[in-house]
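K.L.:
I have a structure I would like to understand better, so I am pasting it below and will then ask my questions one at a time.
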Amino acid sequence: MLFNSFDFAVFLPITFVIYWFICNKNTKFQNFFLIISSYIFYGWWDWRFLILIIFSSFLDYYLGIQIDKSKNQRLRKTFLFLSLFFNLGLLGIFKYYNFFAVSFTEAFSLFGSEFRVNQLKIILPVGISFYTFQTLSYTFDIYKNKIKPTKDIFSFFAFVCFFPQLVAGPIERAANLLPQFIRKRTFNFDNAKEGLRQGLFGLFKKVVIADNCAIYANNIFENYEIYPGSTLILGAIFFTFQIYCDFSGYSDIAIGTSKLFGFNLKQNFAYPYFSRNIAEFWRRWHISLSTWFRDYLYIPIGGSKGSKYNKIKNTFIIFIVSGFWHGANWTFIFWGAANALLFLPLLLFNKNRNYIEIVAKETFLPNFRELTKIVCTFSITSLIWVIFRSESIFDTINYYSIIFSDSIFSYPFIIEEETNFQFLPKTIFVLIFVLISIDWLGRKKTHPLKKLELNFKKPTRWLIYSTLCFLIFIFKADQQDFIYFQF
Amino acid sequence: MKKFLKNIIGFILTILILFVSILLTTNFIVNNNANFKLDNNITHIIVGNSHSECSFNDSIITNCSNLSLSGESYLYTFFKTKKIIELNNIKNITIEFTNIQIHSTNNEWIWGDEPFSKRFPIFSPFFDFNTHVFLLRKNIKQYINGTLLTLNKNLSKIILNNYSYKNKIGGFKKLTKQFNFKNYKEKEVESFLKNNSKTDISFTNLHWLKKIIILCENKNINVNLVRSPQHLKYFLRKNESDFQLIKKLFFNEVEFIDLNNFKLNNTDFADLGHLNFNGSKKTSIHFNNLK
């Protein structure tokens, strides 16, 4: 079920009403209802993949208890290894097997061998990378004695399959989310109101900006050979906003929906395009994944400690693995490596933690130096997204070679496809400007519409909400899947 | 919780009222300004689906405009015809009436997903209340989607001050390809027919055809039905007995021009149901001579 679908618009109020009016007497009952609702939400795509979630939930529930119970360190390690083996095994089979099969076959053919590795006829279960990482963090944390395992099976199952964040995150840690399932929840008016606001803004980003940018980004990336470099730059910019609004929009709706049910998820995006260098960008982009890799991969392998060689090696490992997490394609690996290359100088010169606070925290506008840095970081990020969006490395190279040719100075054009909105090409830039403005004004808060009542009276607030709703109605492009679903 | 629900319901109601008001206002403006004007010499129009769209080359037929459109069911044809009649001096209307148009696939062309995203946003400003209710009941999900697209289209028209429907309401379609009879798979056709009972009839589509005929008769416009050529192997010819029965029962009083067995070569077909440019040329000359 997609957040921007009619099905979800029906599903959400029904679930909300039953959750608060029928199941509210008993937390266990509420959790059980959330499990059922989440399975319906997920099974809407393909109910067969529910078997994987149920298996993963049972496995980590059991292994979590066993790790905690075992006094013997070797036994604890064995249970942790089993959790890793099965979770990453599932991910490996469903997500990466065919990639390795093709890569091996191609590698052998380079040396004239006709060795073939058969591919599997399977499709990637939606959100497998997200819930696998969530359950893995649970067993890791128990192993490190950071948390105690839960014996409440309903709470644990609900933690794994909680529908707002099941298919595209944020990837929650058990230490934050699991206790929220165990304790009694009471309806909080202010929290629910904030949730609706955040959800509405997320929907605006997805439906109005991301889906409309997608029309042009797809057009340009799919036909890049016919366009001049100047148009390809536009394509990169469209994709830069598409992926941001698509994914952060999803996170906003997920966080907002969770608030309606009395849960608080962690912030996943913190205005990444206002970053002043790539290190800051990575602290603000897909925070739940970056911190996951930091805590469970980067720090265990040594982090930024030790020799320069270690620093370089660890940086490349974390960025390449993070890239590979996004998909089984060489483009994602190269995208990760490109980010590592950009990050490395900052790490080596100890400038990676220069900008912890949001830009222009005490002023309304950034100074010239800050603005230049923001524009430079944004431009570099947009160019790097080209690797991410391309179908293959071959396409990436071609795309770059057209950008950096004489055609970059020609006037950009786009061959129009028939869209439902006749003046979209001009308005899309206005809409992007509106988004940047809203984000800029709200950059000191976890989401731009937070605590709106402090600045605006009710009629103005309602006018803002109505305008957003109206923009969603009229700019509704053809419904597109969320990009991060494929990961 | 009470306060929350009160606020939510209040907000949704406000938005709904606002949305409906804007939609109705824009529908009204579009309806009043819609420009369906054809060239002054046009006194004869042909309406229908892809069969007639590919069969009648209106540059060959005197004072005629072919306004057929692929996948158009009679419901949408009715509202299109109504607007054209209002704004033009039409004396003759030829309506495509082929075997496929009695078939239940037409229901999909009325309330399936595609017409809601392609036809509905164009024609819904001209619908009456009952038609809205009918379509809403048939496919509420797509109806809502179609309504949002309608508002989008309406606003585009109003802002750009462009109410012309030229190029959006159909026209002759020139197909240059030839059907490759080597690829014809009898077994696939048989299996299709097994799964799609030939007695499956779209009475909704027929109801709207009747409405078009009544509309034209009330305006003293001469109406005739035409069946454009179909290849002998065209699988939908297999509902011929039903077709004849329906024609006799419901449309016996309307002149019927049957070009089904009009002599054409295999090379005149783009596929079994549609003519290519050669076929349309022969058919159009013949049709023009019949006038």
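K.L.:
Restricting attention to the range A:240-262, does a residue exist that is in contact with a Cys (Cβ under 8 Å, 6 or more places away or on another chain) and among the hydrophobic types (A, V, I, L, M, F, W, C)?
P.N.:
Yes, the range A:240-262 contains a residue that is in contact with a Cys (Cβ under 8 Å, 6 or more places away or on another chain) and among the hydrophobic types (A, V, I, L, M, F, W, C).
K.L.:
A further question on this structure: Can you confirm whether the range A:236-254 contains a residue that is within 30 Å of residue A:11 (Cβ to Cβ), within 14 Å of another protein chain (Cβ to nearest Cβ) and buried (at least 22 other Cβ atoms within 10 Å of the Cβ)?
P.N.:
no
K.L.:
Every residue in the range B:115-148 that is of a type in the set (D, E, K, R), surrounded by fewer than 16 Cβ atoms within 10 Å (Cβ to Cβ) and within 14 Å of another protein chain (Cβ to nearest Cβ), please.
P.N.:
If the condition is that a residue be of a type in the set (D, E, K, R), surrounded by fewer than 16 Cβ atoms within 10 Å (Cβ to Cβ) and within 14 Å of another protein chain (Cβ to nearest Cβ), then B:141 is the only one that fits.
K.L.:
Something else now. Residue under question is residue A:136, and the condition is that it be modelled with pLDDT under 80 and either closer than 17 Å to residue A:91 by Cα or of a type in the set (A, V, I, L, M, F, W, C) (or both); does it hold?
P.N.:
no
K.L.:
For the range A:37-51, indicate whether the set of residues that are at pLDDT 90 or above and either over 25 Å from the mean Cα position of the chain (by Cα) or not assigned by TED's automatic domain parsing to the domain that holds residue A:122 (or both) is non-empty.
P.N.:
No, the range A:37-51 has no match at all.
K.L.:
Please count how many residues of the range B:202-248 are part of a helix (DSSP H, G or I) and not aromatic (Phe, Trp, Tyr).
P.N.:
Residues meeting the conditions: 26.
K.L.:
Moving on to the next point. From the list A:260, A:265, A:232, pick out the single residue that is among the hydrophobic types (A, V, I, L, M, F, W, C) and within 14 Å of chain B (Cβ to nearest Cβ).
P.N.:
A:260
K.L.:
Taking the range B:75-116 only, how many residues are touching a strand residue (DSSP E or B) at 6+ places or on another chain (Cβ under 8 Å), at pLDDT 90 or above and within 19 Å of residue B:138 (Cβ to Cβ)?
P.N.:
The qualifying residues number 1.
K.L.:
Select from the range A:207-229 the residues that are acidic (Asp, Glu) and either within 12 Å of chain B (Cβ to nearest Cβ) or without any contact (Cβ under 8 Å) to a residue 60 or more places away in the chain (or both) and list them in ascending order.
P.N.:
Taking the range A:207-229 as the starting set, the residues that turn out to be acidic (Asp, Glu) are A:211, A:222, A:225.
Correct list: A:222 only.
K.L.:
For residues in the range A:185-206 being more than 10 Å from chain B (Cβ to nearest Cβ) and among the small types (Gly, Ala, Ser), which is nearest to the chain's Cα centre (by Cα)?
P.N.:
Only one residue fits best here, namely A:202.
K.L.:
Run down B:72, B:86 and say which single residue is surrounded by 15 or more Cβ atoms within 10 Å (Cβ to Cβ) and among the acidic types (Asp, Glu).
P.N.:
Unique residue meeting the criteria: B:72.
K.L.:
Considering A:298, A:271, which residue is farther than 15 Å from residue A:170 by Cβ and in contact (Cβ under 8 Å) with a residue 60 or more places away in the chain? Reasoning before the result, please.
P.N.:
Details: A:298 fails: in contact (Cβ under 8 Å) with a residue 60 or more places away in the chain.
Criteria check complete, one pass: A:271.
K.L.:
Then there is this: Quick one: would you say residue B:258 is acidic (Asp, Glu), farther than 20 Å from residue B:55 by Cβ and in contact (Cβ under 8 Å) with a residue 12 or more places away in the chain?
P.N.:
Spelling it out, it is not the case that residue B:258 is acidic (Asp, Glu), farther than 20 Å from residue B:55 by Cβ and in contact (Cβ under 8 Å) with a residue 12 or more places away in the chain.
K.L.:
OK, next. Quick check on the range A:82-89. Is at least one of its residues over 21 Å from residue A:156 (Cβ atoms), part of a helix (DSSP H, G or I), touching a Leu at 6+ places or on another chain (Cβ under 7 Å) and of a type in the set (Ser, Thr, Tyr)?
P.N.:
no
K.L.:
Would you confirm whether any residue within the range A:230-252 is modelled with pLDDT of 95 or more and among the charged types (D, E, K, R)?
P.N.:
Scanning the range A:230-252 turns up at least one residue that is modelled with pLDDT of 95 or more and among the charged types (D, E, K, R).
The values are calculated or read from the model by the stated rules, or taken from the named source; none is laboratory data. If you're wondering where the values come from, they're calculated on a predicted model, not measured in any experiment. All Cβ positions, even for glycine, are placed from backbone atoms using ideal geometry, and neighbour counts span all protein chains on display.
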